[in-house]
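All remarks here apply to the structure that follows.
The values are calculated or read from the model by the stated rules, or taken from the named source; none is laboratory data. Predicted model, so just to flag it, every value in this text is computed and none were measured. Reconstructed Cβ throughout: ideal geometry from the backbone, glycine too, with neighbour counts over all protein chains shown. We work out accessible area using only protein heavy atoms, side chains counted, and drop any ligands, DNA or RNA first. Shrake-Rupley method; radii C 1.70, N 1.55, O 1.52, S 1.80 Å.
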Amino acid sequence: MDGYPNIHHLTASQILAPIQLSKGINPIAEVKVARVARRPAILIRSSPWKAGSVETPWHDEFDLVNGRVTYFGDHRVDHTVPVGETQGNKVLRKAWASHRATTVQERTMAAPLLVFATVTRNKTPKGYVKFCGLAVIEGVEEVEQKDKGRLFPNFRYELALLDLSAENDLLNWSWIEARGDHRLSMAETLEHAPRSWRRWVEGGHAVLPGIRQRPLHLEESDGPRSVSRSADEDTLFSTASQSRRQDVSSVEHDNQQPALTAGLLMERLRNLRVHRRDGRISRHKPLALMWAIARNARGESRLAPWTQFRDEVGKLLIEFGRSHSSPTPEYPFWHLRTSGLWDVAGLPAEQASKISVSILDRSKPQAGFTHQADRLLRDPFVRSQAIAVLRETYFAEFAQHELMEQLGLAGYENASGIEALAEEQGQQGPAARRVTSASRIVRDVGLANKIKEMYSDHCQVCGTQLAKRFGTYSEAAHIRGLGQPHNGPDELANLLVLCPNHHVQFDTLAIYIDPDGIVRSTADGSHQGVLHRLPMHHISEAHLRYHRALCGRDVPGQEALVSEPSPGTARRGEE
């Protein structure tokens, strides 16, 4: 119609009812399979032309380059039902329960999300949609929004777009039809699923770094592009990689900037323009960035007010800055803009050439990561990489435990993470005491015993089998720790059998396992051994890659981290 494929024609089916895209969240009706409800799919539509209106007061964010979408639920200021009881939020929260499931069987039942964006065609903002990709829900957070001065609660969903390159960037509608056919088992429907979806079902969120939609490098063109389609094109949708060949600026609000990928983010962190004196670099910018990453990890807003930055970063500069450096938080607040990762808002243009504390105090500006950097750092894997790059490039020569503790990033110092601990009250007595409550991780002891028996207590790194008075001894080590912020799964694919020495080294990030299974020293990359694997023990490469990221050994250009770091220089006063 009007020269464009019609979505209802493409999805016409004798099995499914006609699909809907009239709302933001459009679930296809569930079917009963062996007494269990299975939803074929949920169609998500974002209408950027409505953003900020009474009907749609929120602003969705589509970072198609990096395979990430921030999507807001359907609660509005005039709703009287609880925040999770609107139809759309109820459907997505139910989907989230299966998307975060820890077993393959539960993930098999998960409903795929098909993400669309309304686009302007023929000078009309309505009636035209663009398919952006296949997604799973990566995270959910209850947020507070404002509409015409009134606050109201809603849910914000972080979606991960999956890679469809194995299918030539096409989605076959027969998969959705199969999911809606009550005669087919889940195993039979998976035969029609894209490869990335099958990998996600098998490995869960741990494999997302390897199956997320890839950044595209499209050539600029003034004219339309021809797209080759298969013979059965009426059963296929083109995904973001094809549809992005037309204008998507109405969806990606900050797309005026060059697309920021995880690799480019790490490169910019390693090459900050920092001031040097006597061969020693200033820590002003790295400390400010670590502070901002900690805010990101806590889910706080992207931009922070100058007064908060001044007080908190100023304190960090006093405690952890160079002895010869003055604690001047105004310099990183303003000059971090040169990194390409930092925004400053609310500062009059005429004041930009003469930054001072008094001007900032009067203007009350805000600063923080750019939209693109902030979205990338919401990914725990990317955040782990960024922290490792900053720690090794700018803080390698001093003990960092106190700094990481103060920032609230202590869990990134080791592979196991930390367990939540909450203070309750003090008690009087001969010696001061404090009553605390802890959220303890319940580990599967049987699973640990199983893998140790599998290797007969032999360390997978050095082969050592420690003798006890009766029997032998080894330790089961989680590759991606169960504690915060790693939140790894308690499963065989996430376990290694190690002797106490190598367990400590692995946990404290002193050794890592490279993609070829070689155990290497994090300090200099030297060969420490070869990881022994039994055929019946599947080890998740995604978990090993996460551990390498914590070690700073799974980032683009990681060879620069092995040698002496050489961050960029800047003119005096720029730091």
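Expected output is a single nm value to one decimal: the length gained when fully extending between Thr80 and Glu144, i.e. 0.36 nm times separation in residues minus the C-alpha distance. What is it?
21.5 nm
If the viscosity is 1.306 mPa s and the temperature 10 °C, what translational diffusion coefficient in µm²/s does Stokes-Einstein give for the stretch 297-392 when Rh comes from Kirkwood over Cα pairs?
110 µm²/s
In nm, what is the difference between 0.36 nm times the number of residues separating Thr472 and Ser456 and their Cα-Cα distance?
Using 0.36 nm per residue and subtracting the Cα-Cα distance, I get 4.9 nm.
What is the distance in Å between the Cα centroid of the stretch 345-413 and that of the stretch 460-518?
One Cα centre to the other: 33 Å.
Put Glu177, Glu397 in order of accessible area, largest first, 1.4 Å probe: what do you get?
These residues rank, largest area first, as Glu397, Glu177.
For a quick size check, give me the Cα extents of the stretch 4-43 along its three principal axes, largest first, whole Å.
Principal axes ranked by extent give 40, 24, 10 Å for the Cα atoms.
Report the label-to-label distance for Ser174 and Ala259 in nanometres (one decimal), using points 7 Å from each Cα along the Cα→Cβ vector.
Placing both labels 7 Å along Cα→Cβ, they lie 3.0 nm apart.
Would you list, by chain and number, the lysines whose Cα falls below 29 Å from the Cα of Lys354, excluding same-chain residues fewer than 8 positions away?
Lys285, Lys315, Lys364
Find, among the trypsin sites (Lys or Arg not before Pro) in the stretch 265-336, those assigned to loop by DSSP (not H, G, I, E, B) with at most 11 other beta-carbon atoms within 10 angstrom.
Details: sites: Arg268, Arg270, Arg273, Arg276, Arg277, Arg280, Arg283, Arg295, Arg298, Arg302, Arg310, Lys315, Arg322; in loops: Arg273, Arg283, Arg298, Arg302, Arg322.
Here the trypsin sites (Lys or Arg not before Pro) that fit, given the DSSP loop and packing criteria, are Arg298.
Between Arg198 and Ala34, what FRET efficiency comes out of the Förster formula 1/(1 + (r/R0)^6) with R0 = 22 Å and r the beta carbon distance, rounded to 0.05?
Efficiency at R0 = 22 Å is approximately 0.60.
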